[in-house]
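Asker: Below you will find the structure I want to go over with you.
The values are calculated or read from the model by the stated rules, or taken from the named source; none is laboratory data. What you are looking at is a predicted structure, and each value in this text was computed from that prediction instead of being measured. Cβ atoms come from the backbone with ideal geometry, glycine included; neighbour counts cover every protein chain shown.
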Amino acid sequence: MPEHIPGRAEFAGRIALVTGAGQGIGAAVAAALARQGAHVVATDRTAPAAPPAGTDGAGSVTTEAMDVTDRTAVDATVERVERELGPIAVLVNVAGILRPGAAAELTDADWADTFAVNTTGVFHTSRAVTPHMVGRGAGSIVTVGSNAAGVPRTGMAAYAASKAAAAMYTKCLGLELARSGVRCNIVAPGSTDTAMQRALWTDDDAPRRVIAGDPQTYRTGIPLGRIADPSDIADAVVFLASDRARHITMQELYVDGGATLR
């Protein structure tokens, strides 16, 4: 990757592909990369209606419909971006779904759908960009996982298992691609103020309970005393994707306010 020049947008002239960019963490990542000069291709199952807010004009955002569970669609999107926009320097895997339920009561569909997006989707996109990055001897892949991948959570077995699988796939890919100059890392958020998180809240007191913890579900609280903003996660992603992290690969960075006590 080009050397970072102080005072210059860190990703100026680079193409970044972001999945799950329609809202939440994905939208925050797309905006953060654009603020640093990247041309971001923001994708989701349905194309985002407009570029994410807060790009400040430093970079640019192109929105695309792309279903990460559809291998053909993923391959076609990557090839089109490479051909029409330029080389993909950064891939950020954010697309994810959550189907809560007791481990022994999950339906086949809940399990399969969760893995299709959270794990197989990461496989599809990473595999599609890898030959291009390897051929150029540079590139960064960041997968947004979850702290649930490292700590058991009640009612989240499919989600936790799928995120653990995606994290280990990303690390194995990073090991295999290291000699080619391609880096692969994971950012593992905890509770973050997104639509997915809010869907779990049943009343106005839910945020307080998340911060305080819940002994009945064997869940610790958040030592820093706050629920993350999507921008907190995006900042970690941008760092790992940047030249500042040029000697970091196969790492899993927990951004959860200390909730997993790691």
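Asker: Among VAL92, VAL41, VAL61, which is the only one that is in a strand (DSSP E or B) and over 26 Å from LEU177 (Cα atoms)?
Answerer: VAL61
Asker: Test ARG198 against the criterion of being at pLDDT 90 or above and among the charged types (D, E, K, R), and give yes or no.
Answerer: Considered against the rule, which asks whether it is at pLDDT 90 or above and among the charged types (D, E, K, R), ARG198 comes out as no.
Asker: Okay, next question. Can you tell me which residue within the stretch 82-119, out of those that are surrounded by 15 or more Cβ atoms within 10 Å (Cβ to Cβ), of a type in the set (S, T, N, Q) and farther than 19 Å from VAL40 by Cα, is nearest to the chain's Cα centre (by Cα)?
Answerer: By that ranking, first place goes to ASN118.
Asker: Can GLY190 be described as surrounded by 11 or more Cβ atoms within 10 Å (Cβ to Cβ) and under 30 Å from HIS247 (Cα atoms)?
Answerer: yes
Asker: Do any helices (runs of 4 or more DSSP H) entirely within the stretch 169-262 hold 1 or more residues that are more than 21 Å from GLY24 (Cα to Cα) and among the small types (Gly, Ala, Ser), and if so, which?
Answerer: Passing ranges, in order: 206-212.
Asker: While we're on this one: What number of residues within the stretch 150-159 are of a type in the set (Gly, Ala, Ser) and crowded, with 23+ Cβ neighbours inside 10 Å?
Answerer: 1
Asker: Taking the stretch 44-82 on its own, how many of its residues are at pLDDT 95 or above, farther than 21 Å from GLY96 by Cα and aliphatic (A, V, I, L, M)?
Answerer: Matching residues across the stretch 44-82 total 1.
Asker: Output the qualifying pairs, or none if there are none: Cβ atoms under 6 angstrom, residues six or more apart or on different chains, first residue in the stretch 22-50 and surrounded by fewer than 24 Cβ atoms within 10 Å (Cβ to Cβ), second residue of a type in the set (Val, Ile, Thr) and not in a loop (DSSP other than H, G, I, E, B).
Answerer: HIS39/ILE15; ALA47/THR63; PRO48/THR63
Asker: Now a separate question. Within the stretch 108-143, how many residues turn out to be within 13 Å of THR69 (Cα to Cα) and either in contact with a Gly (Cβ under 7 Å, 6 or more places away or on another chain) or modelled with pLDDT under 95 (or both)?
Answerer: So the answer is 2.
Asker: Moving on. Condition first: in contact (Cβ under 8 Å) with a residue 24 or more places away in the chain and among the hydroxyl-bearing types (Ser, Thr, Tyr). Now tell me which residues in the stretch 91-131 satisfy that.
Answerer: Of everything in the stretch 91-131, those that are in contact (Cβ under 8 Å) with a residue 24 or more places away in the chain and among the hydroxyl-bearing types (Ser, Thr, Tyr) turn out to be THR114, THR119, THR120, THR125, SER126, THR130.
Asker: Quick check on the stretch 120-138. Is at least one of its residues surrounded by fewer than 22 Cβ atoms within 10 Å (Cβ to Cβ) and over 28 Å from HIS247 (Cβ atoms)?
Answerer: Within the stretch 120-138 (the criterion being surrounded by fewer than 22 Cβ atoms within 10 Å (Cβ to Cβ) and over 28 Å from HIS247 (Cβ atoms)), the answer is yes, since at least one residue qualifies.
Asker: Can you find, within the stretch 170-208, the residue that is nearest to ILE97 (Cα to Cα) among those that are more than 20 Å from the chain's Cα centre (by Cα) and among the acidic types (Asp, Glu)?
Answerer: Among residues in the stretch 170-208 that are more than 20 Å from the chain's Cα centre (by Cα) and among the acidic types (Asp, Glu), the one nearest to ILE97 (Cα to Cα) is ASP203.
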